[in-house]
């Protein structure tokens, strides 16, 4: 159980740090920041699946749910008028979740025995 939590946490920390650095480097430009979300999500999902003791894709799905929950909570917790526009926030979250699942699938399929 602890190793499963650590696998999801490792994927999240990698994704968060990639998005954070992308925000610093690219500033307010949306498309490059979206690329940072995609890159972070892909490798974060891959890491979660790689470090998982079993069922790597399930750990990537858990990471996608964690990211969706944090995105929803941060958007709802923002004071009125200070929240970012909903469209770009949803787009970034959707891209990140899709890339997390793609990264987890890539790792899970690479580790599967060939027949």
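For the condition in contact with a helix residue (DSSP H, G or I) (Cβ under 9 Å, 6 or more places away or on another chain) and surrounded by fewer than 18 Cβ atoms within 10 Å (Cβ to Cβ), residue 44 does not qualify.
In the range 72-115, the residue that is farthest from residue 20 (Cα to Cα) out of those that are modelled with pLDDT under 85 and touching a helix residue (DSSP H, G or I) at 6+ places or on another chain (Cβ under 7 Å) is 111. Just one of the listed residues (12, 39) is surrounded by fewer than 20 Cβ atoms within 10 Å (Cβ to Cβ), part of a helix (DSSP H, G or I), at pLDDT 95 or above and in contact with a helix residue (DSSP H, G or I) (Cβ under 8 Å, 6 or more places away or on another chain), namely 39.
Scan the range 54-71 and tell me whether some residue there is exposed (fewer than 14 other Cβ atoms within 10 Å of the Cβ), part of a helix (DSSP H, G or I) and modelled with pLDDT under 95. Yes, there is a match, as at least one residue in the range 54-71 is exposed (fewer than 14 other Cβ atoms within 10 Å of the Cβ), part of a helix (DSSP H, G or I) and modelled with pLDDT under 95.
The values are calculated or read from the model by the stated rules, or taken from the named source; none is laboratory data. All values derive from a computational prediction rather than experimental measurement. In this analysis, Cβ positions are derived from the backbone assuming ideal geometry, glycine residues included, and neighbour counts consider all displayed protein chains.
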